[in-house]
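Comments concern the structure below.
The values are calculated or read from the model by the stated rules, or taken from the named source; none is laboratory data. Everything numeric here is computed off the predicted structure, so don't read it as measured data. Here the Cβ is made from the backbone with ideal geometry for all residues, glycine too, and neighbour counts use every protein chain on show. Please note that ligands, DNA and RNA were not included when accessible areas were found on the heavy atoms of the full protein model with its side chains. Shrake-Rupley method; radii C 1.70, N 1.55, O 1.52, S 1.80 Å.
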Amino acid sequence: MTGKHGNLILYGMVAGTILGVLGGYFVGDLFISTKVIGTMFLNALKMVIVPLIVASMIVGVTSLGDVGKLGWTTLKTLTYYLVTTGCSVIVGLVMVNLLTPGSGGSPLGAYIPEMVEASRGNSLLDVLVGLIPSNIFKAAAEGQILPLIVFSLLFGGVLSSIGEKGKPVIAFFVGINAAIMKLVMIIIYFAPLGVMALIGSIVAENRDTLGQLVSNIGLYSLTVILALLVHAVITLPLILKFFTGRSPLKYFYNMGEALATAFTTASSSATLPVTMELVEKKNEVDSRATSFVLPLGATINMDGTALYEAVAALFIAQIYDVDLTMTQQIVIFLTATLASIGAAGIPHAGTVMMVFVLTAVNLPLEGIGLIWAVDWFLDRCRTTVNVWGDSIGAAVISETKEFKESSVTT
Ligand code: ASP
(Lines give C-alpha, C1' and ligand atoms only; values in the text may rest on other atoms or scores of the structure.)
Protein backbone atom coordinates (compact mmCIF):
# COMPACT_ATOMS: atom_id res chain seq x y z
CA MET A 1 0.00 0.00 0.00
CA THR A 2 2.49 2.56 -1.17
CA GLY A 3 2.40 5.65 -3.40
CA LYS A 4 -0.81 6.98 -4.83
CA HIS A 5 -3.09 4.32 -3.33
CA GLY A 6 -1.68 4.84 0.14
CA ASN A 7 -2.27 8.58 -0.07
CA LEU A 8 -5.82 8.12 -1.33
CA ILE A 9 -6.64 5.91 1.64
CA LEU A 10 -5.12 8.44 4.02
CA TYR A 11 -7.17 11.29 2.54
CA GLY A 12 -10.21 9.01 2.63
CA MET A 13 -9.64 8.38 6.33
CA VAL A 14 -9.27 12.08 7.09
CA ALA A 15 -12.49 12.77 5.15
CA GLY A 16 -14.15 9.84 6.96
CA THR A 17 -13.13 11.26 10.34
CA ILE A 18 -14.47 14.74 9.53
CA LEU A 19 -17.70 13.34 8.09
CA GLY A 20 -18.08 11.05 11.10
CA VAL A 21 -17.65 13.89 13.62
CA LEU A 22 -20.04 16.23 11.82
CA GLY A 23 -22.55 13.49 10.96
CA GLY A 24 -22.47 11.98 14.45
CA TYR A 25 -23.11 15.39 15.96
CA PHE A 26 -25.76 16.75 13.61
CA VAL A 27 -27.55 13.62 12.36
CA GLY A 28 -26.76 11.30 15.26
CA ASP A 29 -29.62 8.84 14.70
CA LEU A 30 -28.46 8.11 11.20
CA PHE A 31 -24.87 7.61 12.29
CA ILE A 32 -25.73 5.36 15.22
CA SER A 33 -27.06 2.93 12.64
CA THR A 34 -23.68 2.89 10.86
CA LYS A 35 -22.16 1.32 13.98
CA VAL A 36 -22.52 -2.13 12.43
CA ILE A 37 -20.15 -1.14 9.58
CA GLY A 38 -17.64 0.13 12.14
CA THR A 39 -17.90 -3.08 14.13
CA MET A 40 -17.26 -5.12 11.00
CA PHE A 41 -14.14 -3.09 10.26
CA LEU A 42 -12.95 -3.47 13.84
CA ASN A 43 -13.62 -7.21 13.75
CA ALA A 44 -11.63 -7.52 10.52
CA LEU A 45 -8.65 -5.89 12.22
CA LYS A 46 -9.02 -8.07 15.32
CA MET A 47 -9.37 -11.16 13.12
CA VAL A 48 -5.77 -10.91 11.93
CA ILE A 49 -4.16 -9.97 15.26
CA VAL A 50 -3.47 -13.45 16.68
CA PRO A 51 -1.94 -15.02 13.54
CA LEU A 52 -0.11 -11.78 12.81
CA ILE A 53 1.47 -11.57 16.24
CA VAL A 54 2.48 -15.22 16.40
CA ALA A 55 3.84 -15.40 12.84
CA SER A 56 5.59 -12.05 12.85
CA MET A 57 7.22 -12.55 16.24
CA ILE A 58 8.48 -16.00 15.25
CA VAL A 59 9.77 -14.69 11.92
CA GLY A 60 11.36 -11.69 13.64
CA VAL A 61 13.03 -13.78 16.32
CA THR A 62 14.32 -16.48 13.98
CA SER A 63 15.65 -13.88 11.53
CA LEU A 64 17.89 -12.50 14.25
CA GLY A 65 20.01 -15.60 13.87
CA ASP A 66 21.20 -16.45 17.35
CA VAL A 67 19.79 -16.41 20.83
CA GLY A 68 22.45 -14.01 22.15
CA LYS A 69 21.28 -11.37 19.69
CA LEU A 70 17.72 -12.02 20.72
CA GLY A 71 18.64 -11.38 24.34
CA TRP A 72 20.36 -8.09 23.53
CA THR A 73 17.59 -6.91 21.23
CA THR A 74 14.93 -7.69 23.83
CA LEU A 75 16.92 -5.89 26.49
CA LYS A 76 17.51 -2.81 24.33
CA THR A 77 13.87 -2.73 23.24
CA LEU A 78 12.60 -2.94 26.82
CA THR A 79 15.07 -0.27 27.95
CA TYR A 80 13.96 2.00 25.14
CA TYR A 81 10.31 1.48 26.10
CA LEU A 82 10.97 2.20 29.77
CA VAL A 83 12.99 5.36 29.09
CA THR A 84 10.48 6.87 26.63
CA THR A 85 7.53 5.96 28.85
CA GLY A 86 9.36 7.53 31.80
CA CYS A 87 9.88 10.72 29.78
CA SER A 88 6.19 10.89 28.94
CA VAL A 89 5.17 10.50 32.59
CA ILE A 90 7.51 13.35 33.55
CA VAL A 91 5.89 15.59 30.92
CA GLY A 92 2.48 14.66 32.34
CA LEU A 93 3.53 15.35 35.92
CA VAL A 94 5.06 18.72 35.07
CA MET A 95 1.99 19.76 33.12
CA VAL A 96 -0.55 18.75 35.77
CA ASN A 97 1.51 20.46 38.49
CA LEU A 98 1.69 23.64 36.42
CA LEU A 99 -1.93 23.80 35.28
CA THR A 100 -3.51 22.28 38.44
CA PRO A 101 -6.76 21.39 36.63
CA GLY A 102 -8.32 19.90 39.78
CA SER A 103 -7.81 22.76 42.20
CA GLY A 104 -11.04 24.33 43.30
CA GLY A 105 -13.05 21.44 41.87
CA SER A 106 -15.38 19.21 43.83
CA PRO A 107 -15.63 15.42 44.06
CA LEU A 108 -19.38 15.62 43.48
CA GLY A 109 -20.72 12.85 41.27
CA ALA A 110 -17.81 10.50 41.93
CA TYR A 111 -18.57 6.79 41.58
CA ILE A 112 -16.70 3.63 40.66
CA PRO A 113 -17.42 2.54 37.08
CA GLU A 114 -18.37 -1.14 36.69
CA MET A 115 -15.35 -1.97 34.54
CA VAL A 116 -13.07 -0.51 37.20
CA GLU A 117 -14.87 -2.26 40.05
CA ALA A 118 -14.34 -5.61 38.32
CA SER A 119 -10.56 -5.25 38.42
CA ARG A 120 -10.38 -4.06 42.04
CA GLY A 121 -8.93 -7.29 43.47
CA ASN A 122 -6.26 -7.73 40.78
CA SER A 123 -2.67 -6.81 41.41
CA LEU A 124 0.29 -6.12 39.17
CA LEU A 125 1.58 -9.51 40.32
CA ASP A 126 -1.40 -11.13 38.56
CA VAL A 127 -0.24 -9.49 35.34
CA LEU A 128 3.20 -10.99 35.87
CA VAL A 129 1.84 -14.49 36.55
CA GLY A 130 -0.42 -14.20 33.50
CA LEU A 131 2.64 -13.72 31.28
CA ILE A 132 3.09 -17.49 31.12
CA PRO A 133 -0.01 -18.98 29.51
CA SER A 134 -1.19 -22.30 30.88
CA ASN A 135 -3.05 -22.85 27.65
CA ILE A 136 -1.79 -21.10 24.55
CA PHE A 137 -5.05 -21.64 22.62
CA LYS A 138 -7.13 -20.21 25.43
CA ALA A 139 -4.86 -17.14 25.48
CA ALA A 140 -5.32 -16.81 21.72
CA ALA A 141 -9.08 -17.26 21.93
CA GLU A 142 -9.35 -14.64 24.66
CA GLY A 143 -7.08 -12.24 22.78
CA GLN A 144 -4.49 -12.13 25.57
CA ILE A 145 -1.61 -10.70 23.62
CA LEU A 146 1.19 -10.64 26.17
CA PRO A 147 1.16 -14.41 26.88
CA LEU A 148 1.09 -15.03 23.13
CA ILE A 149 4.15 -12.84 22.71
CA VAL A 150 6.00 -14.70 25.43
CA PHE A 151 5.17 -18.03 23.78
CA SER A 152 6.20 -16.79 20.31
CA LEU A 153 9.47 -15.40 21.65
CA LEU A 154 10.35 -18.70 23.30
CA PHE A 155 9.15 -20.79 20.36
CA GLY A 156 11.06 -18.65 17.85
CA GLY A 157 14.15 -18.78 20.03
CA VAL A 158 14.26 -22.58 20.16
CA LEU A 159 13.28 -22.94 16.49
CA SER A 160 16.43 -21.14 15.44
CA SER A 161 18.50 -23.33 17.74
CA ILE A 162 17.48 -26.73 16.30
CA GLY A 163 19.12 -26.27 12.89
CA GLU A 164 17.79 -28.15 9.84
CA LYS A 165 14.72 -29.51 11.65
CA GLY A 166 13.50 -26.01 12.38
CA LYS A 167 13.80 -24.69 8.83
CA PRO A 168 10.50 -26.00 7.37
CA VAL A 169 8.63 -24.67 10.40
CA ILE A 170 10.26 -21.25 10.00
CA ALA A 171 9.38 -21.26 6.28
CA PHE A 172 5.80 -22.09 7.23
CA PHE A 173 5.55 -19.05 9.51
CA VAL A 174 7.24 -16.84 6.91
CA GLY A 175 4.45 -17.85 4.52
CA ILE A 176 1.74 -17.18 7.10
CA ASN A 177 3.26 -13.81 7.87
CA ALA A 178 3.30 -12.77 4.21
CA ALA A 179 -0.29 -13.92 3.69
CA ILE A 180 -1.57 -12.09 6.76
CA MET A 181 0.17 -8.88 5.74
CA LYS A 182 -1.56 -9.14 2.36
CA LEU A 183 -4.88 -9.57 4.15
CA VAL A 184 -4.10 -6.47 6.23
CA MET A 185 -3.59 -4.48 3.03
CA ILE A 186 -7.02 -5.50 1.80
CA ILE A 187 -8.63 -4.55 5.13
CA ILE A 188 -6.97 -1.12 5.02
CA TYR A 189 -8.79 -0.36 1.75
CA PHE A 190 -12.00 -0.34 3.77
CA ALA A 191 -10.58 1.95 6.43
CA PRO A 192 -12.16 5.24 5.25
CA LEU A 193 -15.63 3.71 5.56
CA GLY A 194 -14.82 1.96 8.84
CA VAL A 195 -13.39 5.15 10.34
CA MET A 196 -16.42 7.22 9.36
CA ALA A 197 -18.81 4.67 10.87
CA LEU A 198 -16.84 4.22 14.11
CA ILE A 199 -16.30 7.92 14.72
CA GLY A 200 -19.85 8.82 13.64
CA SER A 201 -21.47 6.36 16.02
CA ILE A 202 -19.24 7.18 19.01
CA VAL A 203 -19.78 10.93 18.58
CA ALA A 204 -23.54 10.35 18.26
CA GLU A 205 -23.56 8.23 21.43
CA ASN A 206 -21.53 10.76 23.42
CA ARG A 207 -22.97 14.03 22.23
CA ASP A 208 -23.83 14.95 25.82
CA THR A 209 -20.29 14.58 27.13
CA LEU A 210 -18.87 16.73 24.34
CA GLY A 211 -19.96 19.64 26.50
CA GLN A 212 -18.00 18.24 29.46
CA LEU A 213 -14.88 18.11 27.36
CA VAL A 214 -14.95 21.88 27.21
CA SER A 215 -16.77 22.78 30.42
CA ASN A 216 -16.37 21.44 33.98
CA ILE A 217 -13.56 18.99 33.43
CA GLY A 218 -12.33 20.89 30.41
CA LEU A 219 -9.08 21.98 32.03
CA TYR A 220 -8.32 18.36 32.92
CA SER A 221 -8.90 17.23 29.31
CA LEU A 222 -6.84 20.15 28.09
CA THR A 223 -3.97 19.23 30.43
CA VAL A 224 -3.97 15.65 29.15
CA ILE A 225 -4.12 16.76 25.52
CA LEU A 226 -1.38 19.40 25.93
CA ALA A 227 0.94 16.96 27.69
CA LEU A 228 0.29 14.31 25.03
CA LEU A 229 1.09 16.89 22.37
CA VAL A 230 4.39 17.83 24.02
CA HIS A 231 5.43 14.19 24.09
CA ALA A 232 4.23 13.46 20.56
CA VAL A 233 5.41 16.63 18.86
CA ILE A 234 8.63 17.38 20.75
CA THR A 235 10.06 14.43 22.71
CA LEU A 236 9.37 11.56 20.30
CA PRO A 237 10.35 13.41 17.09
CA LEU A 238 13.61 14.51 18.76
CA ILE A 239 14.35 10.89 19.67
CA LEU A 240 13.61 9.79 16.10
CA LYS A 241 15.82 12.48 14.59
CA PHE A 242 18.66 11.95 17.03
CA PHE A 243 18.85 8.15 16.80
CA THR A 244 17.91 7.56 13.17
CA GLY A 245 18.44 10.87 11.33
CA ARG A 246 15.00 10.42 9.75
CA SER A 247 12.65 13.33 9.12
CA PRO A 248 9.94 13.22 11.81
CA LEU A 249 7.46 15.00 9.53
CA LYS A 250 7.85 12.48 6.75
CA TYR A 251 7.71 9.63 9.23
CA PHE A 252 4.53 11.09 10.71
CA TYR A 253 2.91 11.58 7.32
CA ASN A 254 3.68 7.98 6.39
CA MET A 255 2.04 6.77 9.60
CA GLY A 256 -1.18 8.70 8.90
CA GLU A 257 -3.52 5.74 8.40
CA ALA A 258 -2.24 4.00 11.53
CA LEU A 259 -2.66 7.11 13.67
CA ALA A 260 -6.17 7.63 12.31
CA THR A 261 -6.97 3.97 12.99
CA ALA A 262 -5.64 4.31 16.55
CA PHE A 263 -7.80 7.37 17.14
CA THR A 264 -10.85 5.63 15.70
CA THR A 265 -10.51 2.26 17.40
CA ALA A 266 -8.95 3.39 20.73
CA SER A 267 -6.98 0.16 20.56
CA SER A 268 -3.24 -0.28 19.96
CA SER A 269 -3.79 -3.98 19.37
CA ALA A 270 -6.48 -3.50 16.75
CA THR A 271 -4.22 -0.92 15.07
CA LEU A 272 -1.18 -3.21 15.09
CA PRO A 273 -1.76 -4.70 11.61
CA VAL A 274 -1.92 -1.21 10.09
CA THR A 275 1.08 0.01 12.10
CA MET A 276 3.19 -2.91 10.89
CA GLU A 277 2.21 -2.43 7.28
CA LEU A 278 3.09 1.28 7.27
CA VAL A 279 6.30 1.12 9.30
CA GLU A 280 7.60 -1.58 6.99
CA LYS A 281 6.27 -0.52 3.61
CA LYS A 282 6.05 3.25 3.79
CA ASN A 283 8.73 4.12 6.30
CA GLU A 284 10.92 1.26 5.10
CA VAL A 285 12.10 0.14 8.51
CA ASP A 286 13.89 -3.24 8.55
CA SER A 287 11.10 -5.84 8.63
CA ARG A 288 13.04 -7.96 11.15
CA ALA A 289 12.87 -5.09 13.59
CA THR A 290 9.21 -4.25 12.99
CA SER A 291 8.04 -7.85 13.32
CA PHE A 292 9.81 -8.07 16.65
CA VAL A 293 9.41 -4.60 18.11
CA LEU A 294 5.86 -3.64 17.10
CA PRO A 295 3.80 -6.52 18.57
CA LEU A 296 5.73 -6.09 21.80
CA GLY A 297 5.26 -2.32 21.68
CA ALA A 298 1.51 -2.50 21.04
CA THR A 299 1.08 -4.24 24.39
CA ILE A 300 3.76 -2.87 26.66
CA ASN A 301 4.93 0.45 25.24
CA MET A 302 2.19 2.92 26.07
CA ASP A 303 3.62 6.39 26.47
CA GLY A 304 0.24 8.07 26.13
CA THR A 305 -1.40 5.79 28.68
CA ALA A 306 1.36 6.24 31.27
CA LEU A 307 1.26 10.02 30.88
CA TYR A 308 -2.51 9.94 31.16
CA GLU A 309 -2.47 7.87 34.35
CA ALA A 310 -0.10 10.31 36.04
CA VAL A 311 -2.17 13.35 35.05
CA ALA A 312 -5.43 11.65 36.06
CA ALA A 313 -4.06 10.57 39.45
CA LEU A 314 -2.84 14.06 40.28
CA PHE A 315 -6.07 15.59 39.03
CA ILE A 316 -8.03 13.32 41.37
CA ALA A 317 -5.70 14.25 44.26
CA GLN A 318 -6.25 17.95 43.51
CA ILE A 319 -10.04 17.50 43.38
CA TYR A 320 -10.01 15.71 46.76
CA ASP A 321 -7.67 18.36 48.13
CA VAL A 322 -4.95 15.81 48.90
CA ASP A 323 -1.46 17.30 48.92
CA LEU A 324 0.90 14.75 47.43
CA THR A 325 4.48 14.76 48.64
CA MET A 326 7.45 14.39 46.32
CA THR A 327 7.79 10.75 47.37
CA GLN A 328 4.14 10.10 46.56
CA GLN A 329 4.62 11.68 43.15
CA ILE A 330 7.57 9.36 42.58
CA VAL A 331 5.30 6.44 43.51
CA ILE A 332 2.82 7.73 40.93
CA PHE A 333 5.64 7.96 38.39
CA LEU A 334 6.59 4.32 39.00
CA THR A 335 3.09 2.86 39.21
CA ALA A 336 1.86 4.81 36.17
CA THR A 337 4.78 3.41 34.17
CA LEU A 338 4.11 -0.14 35.40
CA ALA A 339 0.35 0.14 34.94
CA SER A 340 0.83 1.25 31.33
CA ILE A 341 3.00 -1.82 30.71
CA GLY A 342 0.32 -4.04 32.22
CA ALA A 343 -2.56 -2.36 30.37
CA ALA A 344 -3.90 -4.29 27.39
CA GLY A 345 -4.07 -2.50 24.04
CA ILE A 346 -7.83 -2.22 24.16
CA PRO A 347 -10.27 0.64 24.85
CA HIS A 348 -10.36 1.97 28.44
CA ALA A 349 -7.67 -0.46 29.66
CA GLY A 350 -5.53 2.43 30.92
CA THR A 351 -8.32 3.90 32.99
CA VAL A 352 -9.08 0.53 34.54
CA MET A 353 -5.39 0.23 35.48
CA MET A 354 -5.77 3.52 37.37
CA VAL A 355 -6.89 1.30 40.25
CA PHE A 356 -3.23 0.39 40.90
CA VAL A 357 -1.97 3.94 40.73
CA LEU A 358 -4.67 5.35 43.01
CA THR A 359 -4.38 2.49 45.49
CA ALA A 360 -0.60 2.96 45.71
CA VAL A 361 -1.03 6.49 47.05
CA ASN A 362 -4.32 5.93 48.91
CA LEU A 363 -6.49 8.04 46.66
CA PRO A 364 -10.22 7.20 46.40
CA LEU A 365 -11.12 4.97 43.46
CA GLU A 366 -14.35 6.92 43.15
CA GLY A 367 -12.23 9.63 41.54
CA ILE A 368 -12.22 7.54 38.38
CA GLY A 369 -15.95 8.22 38.09
CA LEU A 370 -15.17 11.91 37.65
CA ILE A 371 -13.04 11.34 34.59
CA TRP A 372 -14.94 8.40 33.11
CA ALA A 373 -17.37 10.52 31.08
CA VAL A 374 -14.62 11.94 28.88
CA ASP A 375 -12.56 8.77 28.72
CA TRP A 376 -14.01 7.76 25.35
CA PHE A 377 -12.28 10.82 23.90
CA LEU A 378 -9.04 10.95 25.90
CA ASP A 379 -8.59 7.20 25.32
CA ARG A 380 -8.44 7.90 21.58
CA CYS A 381 -5.89 10.66 22.05
CA ARG A 382 -3.58 8.55 24.23
CA THR A 383 -3.92 5.49 21.98
CA THR A 384 -2.78 7.62 19.04
CA VAL A 385 0.31 8.65 21.01
CA ASN A 386 0.87 5.01 22.04
CA VAL A 387 0.94 3.94 18.40
CA TRP A 388 3.14 6.91 17.39
CA GLY A 389 5.61 5.91 20.14
CA ASP A 390 5.61 2.28 18.97
CA SER A 391 6.32 3.19 15.38
CA ILE A 392 9.21 5.45 16.36
CA GLY A 393 10.52 2.68 18.63
CA ALA A 394 10.72 0.32 15.64
CA ALA A 395 12.85 2.80 13.68
CA VAL A 396 15.17 3.41 16.63
CA ILE A 397 15.65 -0.28 17.46
CA SER A 398 16.27 -1.11 13.79
CA GLU A 399 19.37 1.10 14.05
CA THR A 400 20.93 -1.06 16.76
CA LYS A 401 23.97 -3.11 15.97
CA GLU A 402 22.09 -6.44 16.14
CA PHE A 403 20.05 -5.48 13.08
CA LYS A 404 22.76 -3.52 11.29
CA GLU A 405 25.24 -6.38 11.46
CA SER A 406 23.12 -9.46 10.77
CA SER A 407 22.01 -10.29 7.26
CA VAL A 408 18.48 -11.32 6.36
CA THR A 409 18.08 -15.04 6.81
CA THR A 410 14.43 -15.49 5.99
N1 ASP B 1 -6.71 2.17 24.63
C2 ASP B 1 -5.29 2.21 24.89
C3 ASP B 1 -4.53 1.44 23.84
O4 ASP B 1 -5.05 0.51 23.27
C5 ASP B 1 -4.96 1.72 26.26
C6 ASP B 1 -5.54 2.67 27.27
O7 ASP B 1 -6.70 2.55 27.62
O8 ASP B 1 -4.82 3.59 27.67
O9 ASP B 1 -3.40 1.74 23.58
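A few remarks follow.
- Within the shell defined by Cβ-Cβ distances under 11 Å, the residues around Val279 carry a net charge of -3, with Lys and Arg each +1 and Asp and Glu each -1.
- The value of relative contact order for the chain, using C-alpha pairs under 8 Å at least six residues apart, is 32 percent.
- Size-normalised alpha-carbon gyration radius of the range 24-112, reference 2.2 N^0.38 Å: 1.86
- Ligands, DNA and RNA left out, the 1.4 Å accessible surface of the chain is 70% carbon and sulfur atoms.
- Helix-derived mean residue ellipticity, 222 nm - over the chain, DSSP H n ≥ 4, -39500 (n - 2.57), to 500: -24500 deg cm²/dmol
- Too-long pairs where the Cα-Cα distance tops 31 Å, listed order kept, from Lys165/Lys404; Lys69/Lys241; Lys167/Lys404; Lys165/Lys282: Lys165/Lys282
- Karplus-derived HN-Hα couplings along the range 374-389 (A = 6.51, B = -1.76, C = 1.60, θ = phi - 60°), whole Hz, x at Gly and Pro: 9, 5, 4, 8, 5, 4, 5, 5, 6, 5, 4, 5, 4, 5, 4, x
- Between the residues Gly157, Thr17, Pro147, the greatest Cα displacement towards the positive end of the dipole of the chain, with unit charges on the Cβ of Lys, Arg, Asp and Glu, is found for Gly157.
- In a simple Cβ point-charge model (Lys, Arg +1; Asp, Glu -1; nothing else charged), the range 217-297 has a dipole of about 180 debye relative to its Cα centre.
- Dipole magnitude for the chain: about 1120 debye, using +1 per Lys or Arg Cβ and -1 per Asp or Glu Cβ, origin at the Cα centre.
- Derived scalar couplings between HN and Hα for the range 61-67 equal 5, 5, 6, 6, x, 10, 5 Hz in order, rounded to whole Hz, by the Karplus curve 6.51 cos²θ - 1.76 cosθ + 1.60 (θ = phi - 60°), x for Gly and Pro.
- Our note on the geometry: Cα centres of the range 159-237 and the range 322-347, 23 Å apart.
- The range 186-330 shape via C-alpha gyration tensor axes, a/c threshold 1.5: oblate
- Coupling constants for the range 49-55 follow from the phi torsions by the Karplus curve (6.51 cos²θ - 1.76 cosθ + 1.60, θ = phi - 60°), and in residue order they are 4, 4, x, 5, 5, 4, 5 Hz; glycine and proline get x.
- Amide H within-cut-off set for Arg246, under 5 Å, with H built and near neighbours excluded: none
- Accessible area per residue for the chain is 42 Å², calculated with a 1.4 Å probe on protein heavy atoms, without ligands, DNA or RNA.
- Trypsin sites (Lys or Arg not before Pro) within the range 317-410, DSSP loop, no more than 11 other Cβ atoms inside 10 Å: none
- Residue-span extension gain [Ala15 to Ile90] - 0.36 nm each, minus C-alpha spacing: 23.5 nm
- Only one residue of Asn206, Ala191, Leu249 has its Cα farthest out toward the positive end of the dipole of the range 174-262, where Lys and Arg carry +1 and Asp and Glu -1 on Cβ, and that residue is Leu249.
- For the chain, built as a Gaussian network whose Cα springs stay under 10 Å, the top-fluctuating residue of Glu277, Glu114, Glu309: Glu114
- Projecting the Cα positions of Ile371, Phe26, Gly104 onto the charge dipole of the chain (unit charges on Cβ atoms of Lys, Arg, Asp and Glu, taken about the Cα centre) puts Phe26 furthest along the positive direction.
- Value of relative contact order over the range 265-410, rounded to a whole percent, pairs C-alpha under 8 Å and six or more apart: 40
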